Amino acid sequence: MIECIAQAKINWDLHILGKRPDGYHAIDTVMVNVGLADRLTFEPADSLSMTCTDPSLPCDDSNLVIKAARALAHAGGIEPKARIHLDKKIPAGGGLGGGSADAAAALDGLNRLWGLSYPRERLSELAATFGSDISYFLWGGWCRCRGRGEIVEPIPDSAVWPAIRVFLILPKLHVPTPAVYRTLNAPRLDGKTYERPLTVISSFINMQIRNFLNGKGFQGWPDNHLQAAACRAEPRLEPLQKFLEAQYPGRWQMSGSGAVHFVLAESGETPAALRRRLSRNQLDEADVVEVLTAPPRPSS
């Protein structure tokens, strides 16, 4: 049996550059893993099957894990035969990339189970054929992702950055990503080059993190361009965002297309205190989980 851990991600920022001719949106975003994770196991079998601890998730060909298995088997010229079990902890529809993380873990685990020995670069190419941000999860850590999300560039020197405590706020809401993009009304991509050198990204985020951890406050957080669109798609997010700006000004952000938001935790702050504040503001239909930012995945 092979076991893989599929870690969630948060978007440190998320820039929408415009709508592409193929209908997708061109993005430029910085992602980082956090310590909330699903667990997948892979065993030899006579056919392909999947089970999951979350009964609301389909285990058929609509699941990205099964799509990953079939794509990998097709690429390797073999029959897709495996028994897959998913222990689900990352909430669906939250902007944490759980489905994509699971698909990446499936590519990694089945690549080993079936003895294909494809390098990570080959798995990334394959992942881009059936998902936008699956490739990121094959790398993990701090990365800049562009295109539809499939162009992944690890941020220089980030592997040695200190971990940050983060409070994930998990509303009991499902915000479909397509609904958010429909309310965005992004302009057509104009073809202009959007330059954001990796070295500049690395220096700026490193400065942000170290100033914050040294008690100098947090400054200069870039935008998530989907934040307002998410509120239009799901108006119940707006009171949460107003609460966060009042209580944690300048150190909160929405992840992806929502509904999950996160706060950078200062020394002495606890998830319990945040839960109490949410409750006092009639926002107690949300859980709070403390996690740490995580290093990159080791190459297999």
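Read-outs: derived from the displayed coordinates by stated rules, not from any lab. No experiment lies behind these values; they were computed from the predicted model shown. No Cβ is skipped: glycine too gets one built from the backbone with ideal geometry, and neighbour counts run over all protein chains shown.
For this structure, a couple of remarks:
- Calculated on the alpha-carbon coordinates, the convex hull of segment 1-135 measures out at 115 cubic angstrom per residue.
- Spherically averaged projected area in nm², based on the convex hull that wraps the Cα atoms of segment 73-228: 12.3 nm²
- The calculated 222 nm mean residue ellipticity attributable to helices in the chain amounts to -9500 deg cm²/dmol, summing -39500 (n - 2.57) over DSSP H runs of n ≥ 4 and dividing by all residues.
- Nearest 10 degrees, 0 to 90: helix 271-280 Cα axis against the chain principal axis: 60 degrees
- The separation of segment 126-196 from segment 210-269, counted between C-alpha centres, amounts to 16 Å.
- Of the peptides 98-107, 51-60, the ranking by mean beta-carbon count within 10 Å, highest at the top, reads 98-107, 51-60.
- Distance between segment 28-89 and segment 272-297 - C-alpha centres, whole angstrom: 28 Å
- Between 0 and 90°, nearest 10: helix 98-113 axis offset from the chain longest Cα axis: 30 degrees
- Derived value for segment 162-211: Kirkwood hydrodynamic radius 15.3 Å. Basis is the mean of 1/r over every pair of different alpha-carbon atoms.
- What the phi angles of segment 85-90 give under the Karplus curve with 6.51, -1.76 and 1.60, with θ = phi - 60°, is a coupling list of 10, 10, 8, 8, 10, 7 Hz, glycine and proline written as x.
- Cα pair distances exceeding 29 angstrom across segment 147-300, given as percent: 26 percent
- With the highest mean first, a sort of the peptides 73-86, 163-176 on other beta-carbon atoms found within 10 angstrom per residue produces 163-176, 73-86.
- Using the Stokes-Einstein relation with a Kirkwood hydrodynamic radius computed over Cα pairs, the translational diffusion coefficient of segment 255-300 at 37 °C and a viscosity of 0.692 mPa s comes to 256 µm²/s.
- The chain: Cα Rg divided by the 2.2 N^0.38 Å rule of thumb: 1.00
- When you count the other C-beta atoms within 10 angstrom of each residue and take the mean per peptide, 1-13, 265-277 line up highest first as 1-13, 265-277.
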